[in-house]
Amino acid sequence: MIGKLCVVGVLLFYLSGCEGQFFSHDWNSTDCLTIGKKKVVPGDDFWFDKVPVPPIVVATSNSLPEGACKRQLKRYIEELGNGTFWATQMFDSSAKYPYGIIDGQTRHLGSFDQCYRIEARLPSENSNSSFVELRSRYCLVDFKYERKDNYLSFYEKLDHDFDPNGSAWEAVKEKGDYRRIRRYMLQMALCVPAACTPEDIRLALQEPYDDFGESNGVAIKVGVDQENCQTMVEEPEFSTGAYVYCGIVLGILVLVIISSLYDGTIITEEDKRCTSKSTQMLLCFSVKRNLRTIFQTSYQHRGLDTIHMIRFFSMCLVLVGHRMMQYYANPTVNMRYHELTFDIPSFVMVHNGPIIVDGFFGIGGLLTCYVILDQFQKSKNINFFGLTFIRFLRFTPAYALVIFFYSYVFQHIGSGPQWQTFITSASKNCAATWWANLFYLNNYMTMDKLCMFQSWYLAVDFHLYLLTIVLLCVFCKCPRKIGYSILGGVTVLSILIPFYITYAYHVQPLFIGFSYMYSVTKDEYFINHYVKTHMRMTSYLVGVICGAILYDYKDASWRISKRWSHCLFILFAVVMSVKSQSLGHHYYNPNSKPSLLEVALYACLHRGFFALSFCSIVLLITMGDGLDFHYNFLTPRWVQPLGRLTYSVFLCHNIIQMYQIGTMRSPRTYSIHNIFWDFVSDVVYSFSLALLIAIGIEGPFRKLEKHFITQRSSKLPKKARASFEEEIIQNFETRKID
């Protein structure tokens, strides 16, 4: 029973608010507390009288070597005893005891601003100088604890229910259940003098916690990451690159203003015809013209018209999914509620949300195939290098704007407990690996220094775009039967690759680590499998085949009957999308024991089926009768402008979400209301910022691209000019889904 008491005591060490030095209880002769069969009476010596308090332990530790840190900590504890304001402020801003661990609140941020602004001039103890400057350092200290007799093998059924009469340790143990919050890993804020390094803090804390753990049968590991410590005196300076970036953005803003003002003076058609080439280039930056391009509505193809709604709806789901990831990876009061959602089958739509990306890939492959086949019919040629170059120019300017914002400016516009962890580290990564991102190599070359975690999608999409051009070059030069056989064969190969990797290396079939994930960069599945092009080809190639079918259908006279159209729409667009996602619930349950073959089959098939469900909407609306209601629902006038902004939203939405994380001073509450509220603000802010990017960068550079293409084609012979313009300009006009 004594051993059980120690186990409960260790947990309560993190849950208790009792500490003998700072809190007292006026016992009387009748006061008594019973734990199990052991009666606690006044005067007994118990663990909760000796619970270490981090801001006191670090200041009184004997583990530190002589130096500035030890001297300032000694001064700190002396001044704290005297009640000096700066020392009391430093103690007050530190976390003393964690609480709410049973409900999953494992991060305690203290008072960041109070700690960060501490600055004092202290009378020197050395007669050579009159004052000593003292500043503060804010750190998030990691504590990982476990029973020394803990065993890792659990054979009983894993669930989320806690026995109120059982051991509290059972609420802490993970038991190999990846749905569980890691309650044995805590993070607590600690405010210390700036002279102390992260290693000094770790050394000062580890030995006292080792002693406490030894006496209570617990192993406690203390860690202090460099990225989790920050002080005002070490804030990064505004670099030359930041000044250059701001200068370029300011120059673009000036161009937009001048162009817009000049465009306002052009009234007649004669004025428009008389503008010089340099003036036409200037007018590419006109707000009025770019807004007209964004907000004009032009539905021309019954099936392809629905893509705008699919694009907008999917981007909204991406915003929700990425916002949910912030709840998983950041301080949250009641993450136990999130754990319980794994027992609700319908919540797999949230947990398996990353599958929505495969819908994007499918639609992207469909549209790419349709456009290239249409160009080939008109020009009898597919210009691989021309299409690749245009593709690069079309998407890279806005991408570069965001990448260099991360690299040079982002880290200077805020502060917070996790600013260093998320924002400053992301800025350093982008500054070091921007070249890999802009050349679309980042998903293979620089995943250890991830810049913009969603940027892997652009790299995969670019690789698959190049593969599609090659495949369609062969497809167009072969009879259709052979061409479709080639596309089908490559698609089958793309299915076999993830099947083999999953089966041979026992890889998980989908993303299941959200509950315990602090960062996607530390998830092995994300780094080594999720972002790789060879693991994501199937969805795109399914879209390519659907695009070829859609293009070949334009010369057909047959239609799918009304009855079959409704049946197929429900089967493919609804049932297939829901089932391919909901079947993943089986793999979020650690009690299920699927065979390795079953896991590999799901890993290689579910993405392609989900992509097919998206593409089937376009095909059935084009080929089917009786789907007028579906078409009208999917093509409202307001959705096309929003659909055009989705690429810019994709680029910038994470800036908004990361900024909120970096500046967060207190934990959030996990609830449907808060998720919905965050979603509304994400949509408003992201699309507003995307509109600015589209007006200032995306729209102008697309118009400049078109201008130079037209200018180049004017130097070609008349016949070649027509072919060139048909091939390239049409590709320019058709927007890719991203």
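The values are calculated or read from the model by the stated rules, or taken from the named source; none is laboratory data. Please read all numbers here as calculations on a predicted model, not as lab measurements. Cβ atoms come from the backbone with ideal geometry, glycine included; neighbour counts cover every protein chain shown.
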| task | State yes or no: is residue 294 farther than 22 Å from residue 668 by Cα and outside the structural domain of residue 637 (by TED's automatic domain parsing)? | result | yes
| message | Against the conditions (1) of a type in the set (Ser, Thr, Tyr); (2) at pLDDT 90 or above; (3) outside any helix (DSSP H, G or I), where does residue 622 fall short? Just the number, please. | response | (3)
| query | Going by the conditions given, is residue 177 touching a residue at least 40 places away in the same chain (Cβ under 8 Å), in the same structural domain as residue 105 (by TED's automatic domain parsing) and either hydrophobic (A, V, I, L, M, F, W, C) or assigned to a loop (DSSP other than H, G, I, E, B) (or both)? | reply | yes
| said: Condition check: of a type in the set (S, T, N, Q) and either under 27 Å from the mean Cα position of the chain (by Cα) or at positive phi (or both). Does residue 231 satisfy that? | reply: yes
| field | Residue that is farthest from residue 336 (Cα to Cα) [pool: residues in region 155-177 that are over 32 Å from the mean Cα position of the chain (by Cα) and among the acidic types (Asp, Glu)] | value | 156
| remark: Filtering region 203-218 for residues that are of a type in the set (S, T, N, Q) and within 18 Å of residue 147 (Cβ to Cβ) leaves a count of 2
| Between a first residue in region 426-454 that is in the same structural domain as residue 414 (by TED's automatic domain parsing) and assigned to a loop (DSSP other than H, G, I, E, B) and a second residue that is hydroxyl-bearing (Ser, Thr, Tyr) and surrounded by fewer than 21 Cβ atoms within 10 Å (Cβ to Cβ), which pairs have beta carbons less than 6 Å apart while being 6 or more apart in sequence or on different chains? | 450/521
| remark: Over region 49-77, the set of residues among the β-branched types (Val, Ile, Thr) and either outside the structural domain of residue 91 (by TED's automatic domain parsing) or assigned to a loop (DSSP other than H, G, I, E, B) (or both) is 51, 53
